[in-house]
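Trainee: Pasting a structure here, questions to come.
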Amino acid sequence: MRIGRTRGAGLVAAAALAAGCVTIPPGHAAVITPPWGGTDPKPAPEGVAWVGPLGQVDVLDLRSQERNEDLRGVAADGATVEANASVVTYHLIPDELVAFDEELGPEPYDRIIKPIVQAAVRQVVARYTAVEIIDTTNVPAIQAEVTELAGRQLRPMHVQLDMVFMRSLTVRSGPFYEEVLATGREEQLALTAPQLLAIARQRADVLREDGRSLSASHAILAPTLTTPQLEDQATRAWSALLLSPNTAVVVEPPIPMTLEVAP
């Protein structure tokens, strides 16, 4: 009899195969194709299963599987975001093992799961600025969004994504990032320019209104003023100024004058 296909990285080889039987280790199940063709629609559970001469068996791991990944993305403002030593955990759906085995084939993690997780990280990180990412209170939300997005894409492929744990989420600023920040500041100034202009116009309106009020009061007061009243107010003002403790009076000698009489 021939052993047939055996797979690693979630597809574990059978421990023994003799006399048409295969031993399925604990935590695993097997997809069996009998020698007469047609895959058995019901996976064989752990233990000893009959395969038959010239049959083939694929033993798959049903336990939660974990991979360490260095995930990267670009923030909304152009900063490079790194999540080194991140942990990706997933497991196969027991009731869909036959479809998984037929559709995904060997080594599904590197070919399918990993690219989908990386794409989800890039998509989610692009929604946040660098300042929002370095704020640790936002990290759980980012992880949840990545897990939900990647999990939704992997579910039709008979894979249940448990979690993407983004460990040591950091922001790296490069030469282009400073240019992005400078451009962002210029954009902010451009956006605030209309507001500053509106504030200046409001202030000008207030000053014009104050000027009109002052002019109206002067127009009412001017006809009532007389020369004696103005002289009295001037004398009072000078007296208050001279009596102020902050005023110093300096008496200077008179400037000599020369009178010339024409002959």
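The values are calculated or read from the model by the stated rules, or taken from the named source; none is laboratory data. Computed from a predicted structure; not experimentally measured. Because the Cβ atoms are built from the backbone with ideal geometry, glycine has one as well, and the counts that use them run over all protein chains shown. We work out accessible area using only protein heavy atoms, side chains counted, and drop any ligands, DNA or RNA first. Shrake-Rupley method; radii C 1.70, N 1.55, O 1.52, S 1.80 Å.
Trainee: Please list, ordered by chain and number, the residues whose modelled amide H lies under 5 Å from the amide H of His28; skip anything fewer than 5 residues away on the same chain.
Mentor: Glu46, Leu62
Trainee: In addition: With a 1.4 Å probe and every protein chain kept in, tell me what percent of the accessible surface of region 15-132 is carbon plus sulfur. Let's see the in-between values first.
Mentor: Working: 3020 of 5390 Å².
That fraction is 56 percent.
Trainee: Something else now. How much length is gained on full extension from Arg212 to Leu189, taking 0.36 nm per residue of separation minus their Cα-Cα distance? Please report the intermediate quantities before stating the final value.
Mentor: On the way: separation 23, 0.36 × 23 = 8.28 nm, distance 3.39 nm.
Working it through step by step, the gained length comes to 4.9 nm.
Trainee: Of His91, His218, His28, which has the most accessible area and how do the rest follow, probe 1.4 Å? Show your work: numbers first, answer last.
Mentor: Values: His91 50, His218 105, His28 10 Å².
These residues rank, largest area first, as His218, His91, His28.
Trainee: If R₀ is 30 angstrom, what is the calculated FRET efficiency for the pair Thr224 and Ser244, using the beta carbon separation as r and rounding to 0.05? Can you show the working numbers first?
Mentor: Working: r = 29 Å, r/R0 = 0.96.
That gives a FRET efficiency of 0.55.
Trainee: Something else: Quick check: with the 1.4 Å probe, what order do Val249, Val51 take by accessible area, largest first?
Mentor: Working: Val249 100, Val51 5 Å².
Output order, biggest surface exposure first: Val249, Val51.
Trainee: Rounded to whole Hz and in sequence order, give me ³J(HN,Hα) for region 74-84 from the Karplus expression 6.51 cos²θ - 1.76 cosθ + 1.60, θ = phi - 60°, writing x for Gly and Pro.
Mentor: 10, 5, 5, 9, x, 6, 7, 10, 10, 10, 6
Trainee: A further question follows. With every protein chain present, what accessible area does Asp232 have (1.4 Å probe, heavy atoms only), rounded to the nearest 10 Å²?
Mentor: 70
Trainee: Quantify, in whole percent, the carbon and sulfur part of the accessible surface of region 211-257 (1.4 Å probe; protein heavy atoms only). Walk me through the numbers before you get to the answer.
Mentor: Numbers: 3020 of 4490 Å².
Exposed carbon and sulfur together represent 67 percent of the surface.
Trainee: Let me ask another. Based on the Cβ-Cβ distance from Arg122 to Gln160, what FRET efficiency comes out when R0 is 22 Å, to the nearest 0.05? Can you show the working numbers first?
Mentor: Values: r = 22 Å, r/R0 = 1.00.
Computed FRET efficiency for Arg122 and Gln160 comes out at 0.50.
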